[in-house]
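First the structure, in the form of structure tokens, and then the observations on it.
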Amino acid sequence: MKPGLLVISHGSREAGWVALVDESIEAARAHLGSQLLIEAAFLELVEGRLIQDGIDRLEAAGVTHLFALPLFVSSGSTHVDEIGWALGAYPKSRTETELEPIRISAALTYGKPMDDDQEIVDVILDRMKKLSIHPAKESILLIGHGSKEEGFQEAWEQGFDSIGEQLLRLGGYNAYSSALLQLEEVPERWESLMSGHPMNEIIVVPLFLSEGYFTKQIIPRKLEGLRCRYNGCTLMPHPKIADWIVRKTLEWLKDLGIH
């Protein structure tokens, strides 16, 4: 038995985006040790480092048991579903996909994305400290990409609700709401927070893996004219992302009987 880890994220044409993923992978590798073979792969846009490329390299190195970990924010992402189908982890894709089935010989375990895991909540709390002055007099508006697809939208909302409960409990904030860009919810949710807690300051946090088009252009555009604090800080770079990868991988290795 020779285990291997394949961390899968979306990918970007921006070299800096890819570099942030690689930095998190290298930090995880430092904890997991050189005996475990690790590859970072991307759904699209990164030539020579797509999912099939990563699997081929791991299997060429002798990997017999593979843990494919989706480095995505939510189980509501349609990409998580289509990747699972392409890997053979799911019998069918619940949405239309242009992916083709991926060749794989190793025994596969397909992991779960970040959702409301503690490490992610910790990152968000850390990001909010840069904007927060008096938590008890502040409201939180968490913004994510979201999905209009049935079942996927609900998964986004459930994850965000759980995160919100933890932010209120652990951070001492006064109120919470979330908005999904795909559903055009930002103005409505901002107004709801203002109406319910008019004396509060609103802190806006983007729940995105890395800075890019949505955090630099789309969200600021949605917030124009709305009184709030926003700095666009995303989940990466942060050491807790590597911690999440390490924990998920160690749990998988334990299930395999490898300690």
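The values are calculated or read from the model by the stated rules, or taken from the named source; none is laboratory data. Please read all numbers here as calculations on a predicted model, not as lab measurements. Here the Cβ is made from the backbone with ideal geometry for all residues, glycine too, and neighbour counts use every protein chain on show.
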Every residue from the stretch 136-145 that is assigned to a helix (DSSP H, G or I) and touching a strand residue (DSSP E or B) at 6+ places or on another chain (Cβ under 8 Å): LYS137
Some residue of the stretch 209-221 being touching an Asp or Glu at 6+ places or on another chain (Cβ under 6 Å) and not β-branched (Val, Ile, Thr): no
Pairs where the first residue, in the stretch 26-47, is more than 17 Å from LYS248 (Cβ to Cβ) and the second is in a strand (DSSP E or B), C-beta under 8 Å, 6+ apart: PHE42/ILE8; PHE42/SER9; PHE42/LEU50; LEU43/ILE8; LEU43/SER9; LEU43/LEU50; GLU44/LEU50
Top-ranked residue in the stretch 194-218 [being surrounded by fewer than 20 Cβ atoms within 10 Å (Cβ to Cβ) and among the aliphatic types (A, V, I, L, M); ranked as farthest from the chain's Cα centre (by Cα)]: MET199
Matching residues in the stretch 165-214 - criterion: being among the acidic types (Asp, Glu), within 16 Å of MET128 (Cα to Cα) and part of a helix (DSSP H, G or I): GLU165
Given (1) modelled with pLDDT of 95 or more; (2) outside the structural domain of MET199 (by TED's automatic domain parsing); (3) under 24 Å from TRP17 (Cα atoms); (4) among the aliphatic types (A, V, I, L, M), index of the condition LEU142 fails: (2)
Candidates ALA28, ALA89 - the one that is among the aliphatic types (A, V, I, L, M), under 21 Å from the mean Cα position of the chain (by Cα) and within 30 Å of LEU183 (Cβ to Cβ): ALA89
Subset of the stretch 146-170 (residues that are surrounded by fewer than 19 Cβ atoms within 10 Å (Cβ to Cβ) and either touching a strand residue (DSSP E or B) at 6+ places or on another chain (Cβ under 8 Å) or closer than 22 Å to TRP244 by Cα (or both)): GLN153, GLU157, GLN158, ASP161, SER162, GLU165, GLN166, LEU168, ARG169, LEU170
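Report whether or not LEU45 is at pLDDT below 95, in contact with a Lys or Arg (Cβ under 7 Å, 6 or more places away or on another chain) and surrounded by fewer than 20 Cβ atoms within 10 Å (Cβ to Cβ).
Yes: the conditions hold for LEU45.
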